[in-house]
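Chemist: Okay, handing you the structure first.
The values are calculated or read from the model by the stated rules, or taken from the named source; none is laboratory data. The structure presented is a predicted model; accordingly, all values stated were derived computationally and were not measured. All Cβ positions, even for glycine, are placed from backbone atoms using ideal geometry, and neighbour counts span all protein chains on display. Only protein heavy atoms, including side chains, enter the accessible area calculation; ligands, DNA and RNA are left aside. Shrake-Rupley method; radii C 1.70, N 1.55, O 1.52, S 1.80 Å.
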Amino acid sequence: MDKLTSSSSPLHSSASSAPHSRGPLFIAISVSTLGGLLFGYDNIVISGAIGYLSRLFHLDAAGTGWAAGCALLGCIVGCAFAGTVADHFGKKKGLALCAVCFALSSGGILFASSLHQFVVWRLIGGLGIGAASVISPNYIAEIAPTRVRGRCVTLYQLGIVVGILAAVFVNMLIQRMGDEAWNTNVGWRWMFFAGIVPALLFGGMILPAVESPRWLMKMGRREQAIHVLTQINDPDSAQRAAAEIENSLVIEEGHISELFTTFRRPLLLGIMLAGLQQISGITPLFSFLSEIFRSAGSATGHAFFQTVLVSLINLLFTLFALWLVDRVGRKSLILAGTTLQCLSFALAGWFYHIHGSGLAILVLVMSFVAGHAFGNGVACWVIISEIYPTKVRGRGMSIATTALWLVGYLGNQLFPIMQKNLGSDGTFWCFSAGALLTIILVAWLIPETKGRSLEEITRFWNPQFREVPTSAN
């Protein structure tokens, strides 16, 4: 420790010579946010296309669920391998592969002549979505200073929300460019192709971005890691961060088996939290949003406009979470937001049951999305980007995020079948029960990580080096 902090050490000399600038952190945040934007766009663009796609290919309920959910199978595979790629080859190379998947998928769907071709390109896009959902929050969490880490990871979620808003807005504009026949044959293709623009921008932003200092340190590239730390921190903070990272790396073994022994608890909590984020129905809600509003009595044009309104609420309350996450804490946001989700879908189910006002359905869907936006939508990504040790953080996030996409895929696949067999009221009541389960388990099991460095959180999980934070109970 003395060697790390002495004035004659390489760390001190590097910290003194390297200028402290906001530029590298701003670029890193931009890369992470664009990764989230593409995740949001590619995942939700199907909501405007699914009705036309179903008519073009004459799909039944199960086929519609498959067309809407096939990308999520790609997400699961992308998640499963993203952590290994990020841990071995670096976050930048992993994100570059995501950009390639996004661009290929957007271009390929424009020329898809059959459902099978559409599914192939959606699976490729899903690989990018799944990998980005692991690597983007992982990347910014490892770069951002502790005091603003929650807000920086929240900007990734903000990117997702902006991507969702962009998707529904683009869908609405394209839907209004032609009649029903044109949209059924051509329009839906352009909804997907529009995503190639942010994909190319994302790829371009990766080039000047810095690599994660924790990954560099793990790979033995100490001087490069210190250079990055001194670019984004003041010299004293850079020294402390480097010393803390090196000490933590000494404790960690770096084998994936460590996740199933020493760090079994955060692994299980991450899997649980990621699955719970989806169990209340947020992914099928956005994937079938236009169809949900049509079933409540809205005309097609009004349904698209209402989808834009919901996405604007998503954006507004994500900005609210950006202000709250490092003040209130992650756990408190989940509990408050999920309570609102539970009540909103319970009431939405009731209004469907009594054939109530379509306006009431719109308001309740908006309140549900607001609860997700400032609650689990933000806090889940922040927590699962924080709780794993550096050497296996990518693989830990892969496992947890795979659970998220698996539950999301099941939601998309089952939603049309649930609607057919349970009705809209029963479907929404099932999702409300999922939100209630989330409240109970999060209140009981999830610790608070606000204000702790990544290395402090790692020591909390390790019984041999535990420093119990007072807020973690």
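Chemist: From largest accessible area down, sort 417, 143; use a 1.4 Å probe on the protein chains. Numbers along the way, then the final one.
Modeler: Numbers: 417 65, 143 5 Å².
Result, largest first: 417, 143.
Chemist: Starting from the Cα of residue 207, step 7 Å along the direction of its Cβ; do the same at residue 247; then give the gap between the two resulting points in nm.
Modeler: The two pseudo-label positions are separated by 4.1 nm.
Chemist: In debye to the nearest 20, how big a dipole does the chain give about its Cα centre with +1 on each Lys and Arg Cβ and -1 on each Asp and Glu Cβ?
Modeler: 180
Chemist: Taking the radius of gyration and the Kirkwood hydrodynamic radius from Cα positions alone, what is the Rg/Rh ratio for the range 44-119, to two decimal places?
Modeler: 1.06
Chemist: Starting from the Cα of residue 179, step 7 Å along the direction of its Cβ; do the same at residue 360; then give the gap between the two resulting points in nm.
Modeler: Each label point lies 7 Å from its Cα, and together they span 3.8 nm.
Chemist: Now for a different question. For an R0 of 22 angstrom, estimate the FRET efficiency from the Cβ-Cβ distance between residue 437 and residue 260 and round to the nearest 0.05.
Modeler: Result of the calculation: an efficiency of 0.30.
Chemist: Which value, in Å² rounded to 10, gives the accessible area of residue 221 with a 1.4 Å probe and all protein chains present?
Modeler: Result for residue 221: roughly 100 Å² accessible.
Chemist: Right, next: By per-residue mean of other Cβ atoms within 10 Å, what is the highest-first order of 35-42, 346-353, 128-135, 398-405?
Modeler: 128-135, 35-42, 398-405, 346-353
Chemist: What percent does the relative contact order of the chain come to when contacts are Cα pairs within less than 8 Å and at least six residues apart?
Modeler: So the answer I get is 25 percent.
Chemist: In Å², and per residue, what accessible area does the chain have when probed at 1.4 Å with the other protein chains present? It would help to have the intermediate numbers written out before the result.
Modeler: Working: 17300 Å² over 473 residues.
For the chain, the solvent-accessible area averages 37 Å² per residue.
Chemist: Of the options 88, 74, 321, report the single residue whose Cα projects farthest towards the positive end of the charge dipole of the chain (beta-carbon charges: Lys, Arg +1; Asp, Glu -1).
Modeler: Projecting each Cα onto the dipole axis, the largest value belongs to 88.
Chemist: Between residue 223 and residue 320, what is the label-point separation in nm under the 7 Å Cα-to-beta-carbon projection?
Modeler: Taking the two extended label points, one gets 5.1 nm.
Chemist: How large is log10 I(q)/I(0) at q = 0.09, 0.11 Å⁻¹ when the Debye formula is applied to the Cα atoms of the chain, each weighted equally and without solvent?
Modeler: -0.56, -0.83
Chemist: Test of understanding: extend the Cα→C-beta vector of residue 57 to 7 Å, then name every residue of the range 104-127 with backbone N under 11 Å from that spot.
Modeler: 112-123
Chemist: Size of the dipole of the range 297-423 about the Cα centre, Lys and Arg at +1 and Asp and Glu at -1 on the beta carbon, nothing else charged, in debye to 20?
Modeler: Once rounded to the nearest 20, the dipole reads 360 debye.
Chemist: Also, quick follow-up: To the nearest 20 Debye, how big is the dipole of the range 10-159 about its Cα centre, given +1 on the beta carbon of each Lys and Arg and -1 on that of each Asp and Glu?
Modeler: About 400 debye.
Chemist: Angle check, please: helix 115-143 long axis (alpha carbons) against the longest principal axis of the chain (alpha carbons), in degrees 0 to 90, nearest 10.
Modeler: Compared with the principal axis, the helix lies near 30 degrees.
Chemist: Toward the positive end of the charge dipole of the chain, about the Cα centre and with charges on Cβ (Lys, Arg +1; Asp, Glu -1), which of 112, 392, 178 goes farthest?
Modeler: Farthest towards the positive end: 392.
Chemist: If you take the beta carbon distance between residue 444 and residue 116 as r and set R0 to 41 Å, what does 1/(1 + (r/R0)^6) give as a FRET efficiency, to the nearest 0.05?
Modeler: For residue 444 and residue 116, the calculated efficiency is 0.35.
Chemist: Here is the link list: 92/450; 93/331; 391/450; 92/331; 91/218. Which ones come out longer than 24 Å on Cα distance?
Modeler: 92/450; 93/331; 92/331
Chemist: Over its Cα atoms, what ratio of radius of gyration to 2.2 N^0.38 Å does the range 63-215 give?
Modeler: Normalised Rg, Cα atoms only: 1.12.
Chemist: Okay, next question. What do you reckon, how do 418, 177 stack up by accessible area (1.4 Å probe), largest on top? Walk me through the numbers before you get to the answer.
Modeler: Details: 418 40, 177 135 Å².
From most exposed to least exposed: 177, 418.
Chemist: Tell me, what % of the accessible area of the range 18-113 is carbon and sulfur with a 1.4 angstrom probe?
Modeler: Carbon and sulfur atoms account for 74 percent of the accessible area of the range 18-113.
Chemist: Can you compute the equivalent ellipsoid semi-axes for the range 322-473, i.e. the square root of 5 times each eigenvalue of the Cα gyration tensor, sorted largest first and rounded to whole Å?
Modeler: Here the semi-axes work out to 34, 17, 12 Å.
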